[in-house]
1. Considering only residues that are more than 16 Å from ligand 2 (Cβ to nearest atom) and surrounded by 11 or more Cβ atoms within 10 Å (Cβ to Cβ), which ones fall in region B:1-12?
2. Residues that are at negative phi, away from chain B (no Cβ under 14 Å), without any contact (Cβ under 8 Å) to a residue 40 or more places away in the chain and surrounded by fewer than 20 Cβ atoms within 10 Å (Cβ to Cβ): does region A:334-348 have at least one?
3. Among the residues of region B:63-95, how many are over 30 Å from A:Gln36 (Cα atoms) and either more than 7 Å from chain A (Cβ to nearest Cβ) or acidic (Asp, Glu) (or both)?
4. Report, by residue number, each residue of region B:13-47 that is within 14 Å of chain A (Cβ to nearest Cβ) and more than 13 Å from ligand 2 (Cβ to nearest atom).
5. Name the one entry in B:Asn68, B:Asn96 that is assigned by TED's automatic domain parsing to the domain that holds B:Thr120, modelled with pLDDT of 95 or more and more than 27 Å from the chain's Cα centre (by Cα).
6. Report the residue count in region A:287-331 for those that are open to solvent by less than 40 Å² (accessible area, probe 1.4 Å) and basic (Lys, Arg).
7. Of all residues in region B:242-279, which are part of a helix (DSSP H, G or I) and of a type in the set (A, V, I, L, M, F, W, C)?
8. Could you check region B:61-92 and list, in sequence order, the residues that are touching an Asp or Glu at 6+ places or on another chain (Cβ under 7 Å) and within 16 Å of ligand 1 (Cβ to nearest atom)?
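The values are calculated or read from the model by the stated rules, or taken from the named source; none is laboratory data. Being a predicted model, the structure only gives us computed values, none of them experimental. Note that each Cβ is placed from the backbone with ideal geometry, even for glycine, and that neighbours are counted across all protein chains shown. Remember, those area values only see protein heavy atoms, side chains included, never the ligands or the DNA or RNA. Shrake-Rupley method; radii C 1.70, N 1.55, O 1.52, S 1.80 Å.
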Amino acid sequence: MCLLHLPGRNGGINIKFNQFKMMFLAQLKLTLREKQAWFWGIFFPVILMVIFMVIFSGNSDEEFKTEVAVVDPSPNPASEMMLSQISELPVFEVKSGKPVTRDKAEEWVKNQKVDAAIILPESAEASSVILVVNKENEQGAAAQAVSGILNKFVQQANLLAAGAAPKYNLQYESITSGTNELDYTDFLLTGMIALSIAQGGMFGMVDMVEMRRKGLIKRLRMTPANMGIFGLSDMVMRLLFSIVQIILLSLIGVLVFGANLYINPLTLIIVFLIGALSFNSLGYFFSSFSKTTEAYMGVANICSFLMMFLSGVFFPIETMPEWIQPISAVLPLTYFADGLRESMVYETGLATASLWAGIAVMVIWGAVTFLLGSVLYKRKAIAADR
Amino acid sequence: MTVLEVRNLQKSFGSIKAVQDISFSVHAGEVFTIIGPNGAGKTTTLEMIEGLVSPDNGVIHFGELDWNKHAVSIKKKIGVQPQSSAMFDLLTPEENLNLFASFYDHARPAEEILEIVNLTDHRKNHVKKLSGGQRQRLAIGLALISDPEIIFLDEPTTGLDPQARRNIWDIILHLKELGKTTILTTHYMEEAEKLSDRVCIVDQGNIITLDTPSALIEKLTNEREIRLSFLDGEKAAEDADGFSKELPSVSKTEREGAALKIWASKPEETLLDLFKFTKEKSYGVEQVSIREMSLEDVFIAFTGKEWRD
Ligand SMILES: Nc1ncnc2c1ncn2[C@@H]1O[C@H](COP(=O)(O)OP(=O)(O)O)[C@@H](O)[C@H]1O
Ligand SMILES: [Mg+2]
């Protein structure tokens, strides 16, 4: 069968329009009445996004806050200056608010009361700062963070001491080099939108399997109903559902988590349409060879899981092991998420080569899976199609 | 007038010969029933006629029309209730009917159909919540929405309770009054006898016989089964058994306790002789009956197989 073959076999324009209207209304009612669609299409992505946002973003300062002990063996101008700067650093919380003895500090480290102890230089000349961390969590995130921050801090202090202008600062580098800053909230929001639309396409076509299993597709073919119009109304319904997802997730992201969106509408529309259609094609392809809904859901789950974690939805691809990155580079979700970031956060215009490269990858996925699906459906074609 | 003619239909699925050689024609306004056990090839035959399965061999003509050239015209002429009775479970009967109505340029109003299939009271309930019988009636309603000339009903009463089954019989009889042609499949002999103008018995993909129900039964031997049971117990039955065996028109007897079965080609004469005998012996007879022959016997006679619903 061919979902998108053009109308033109029977009836005038009026009856075709009426058919479209009735089919679309039916699809709308079916979607509104299907609890599963609400759960997986709306509730699940919202919950997932909220969980990730609460855990990984929000106040990143607080997140990296780590408790340290400070030891000042023999107070001197250099150590005093450093002490005052350390207590001003938002990432460090100095336990008990003032320097303690070295023994006390080491005891705290051993009992893991603090993540690290910082031992300040004994004189202005001795510029060595000692960092004491617990052996057991030497590789832990907190220890790494403290040593990294302290390292920069010391470099800065050294430079200050040498009277040069500070070359380093403690600010984090941003994840990509776009014109607008991308912080994690924006990153996750756009990733979640991409993921929910992709899943809508990959899982949504289970309806086709269900309709075929129940004999509904066969039933429609016994009527003069135009299956092209049926496919079209189905597609329009799915696109509308995805638009609802975009708006809902964006509103929550912006209003609750303070995401910053700078939207280029034209780019967004194109990326959205191509992405949504190609993931629907993927679902259509799955449906063409799945005899049962269980089989379909199995395939869709595997694909969606792989893509979810390999396509830079939750974390940037650059943070993943090198050997995985080539896989990410061929997955359509990678480019869909990127495209949405370009169009919703960076306000990227259409005249951008990398954008079109991503669109091309999605088009290839969409076209190939659609053609394969059509071929598989046609192999089972029936007499009423003649 | 012939509205449908099929000749030498054949269909195999791999090594399974679902339909081997089926030919018949259907006249305008009749109820034509295809009856046969499960797996006989009824659904496959219907689906070939409905254009859903392409036959390996054979021809199908709706008057002047055939599937190769007139698919859309045929689809407008026929109404189908498939065995799976597929419909949108999350829509109401009314919504299902209105949706299907939009596929045709001339459809009957949904209210009219709801009336015919007696679902007016349930028109606003989701199909999911309907009973088996109501669901089946809606499936028939969907077949009627385009006001078709020829209606195909594939096992509309299978799995329904007797009351629900009778409701569907009423609908089929009503369609006949309206002058529609109905092609029905069933595996209930009683139903075929009651509803059909002509019956076609199929088994293993072949037509065994085809005629009006009464002609089919007449074709059988005129032997009837007489059943008697005696008030005076086994002894009386044994005596009567011995007596009836001597009668010229009796071919066979069977006795179980005080109950006796006698197969006789002239059942009235045999009964008369029997009653003379029991009166002489003053045996009390508790029950007497002559079993009518049914399509079931026709099936058994033609196939030598047991009939199982
Ligand atoms: N699509 C199919 N694939 C394989 N075998 C089939 C298919 N459809 C029907 N059959 C087989 O063909 C035979 C006839 O089936 P069917 O026409 O459904 O019988 P009925 O309707 O009389 O119960 C059965 O043995 C059935 O298993
Ligand atoms: Mg059947």
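1. B:Thr2, B:Val3, B:Leu4, B:Glu5, B:Val6, B:Arg7, B:Asn8, B:Gln10, B:Ser12
2. Checked region A:334-348: no residue is at negative phi, away from chain B (no Cβ under 14 Å), without any contact (Cβ under 8 Å) to a residue 40 or more places away in the chain and surrounded by fewer than 20 Cβ atoms within 10 Å (Cβ to Cβ).
3. Within region B:63-95, residues that are over 30 Å from A:Gln36 (Cα atoms) and either more than 7 Å from chain A (Cβ to nearest Cβ) or acidic (Asp, Glu) (or both) number 11.
4. B:Phe13 - this is the single residue of region B:13-47 that is within 14 Å of chain A (Cβ to nearest Cβ) and more than 13 Å from ligand 2 (Cβ to nearest atom).
5. B:Asn96
6. 0
7. Of everything in region B:242-279, those that are part of a helix (DSSP H, G or I) and of a type in the set (A, V, I, L, M, F, W, C) turn out to be B:Phe243, B:Leu271, B:Leu272, B:Leu274, B:Phe275, B:Phe277.
8. B:Val80, B:Gln81, B:Pro82, B:Gln83
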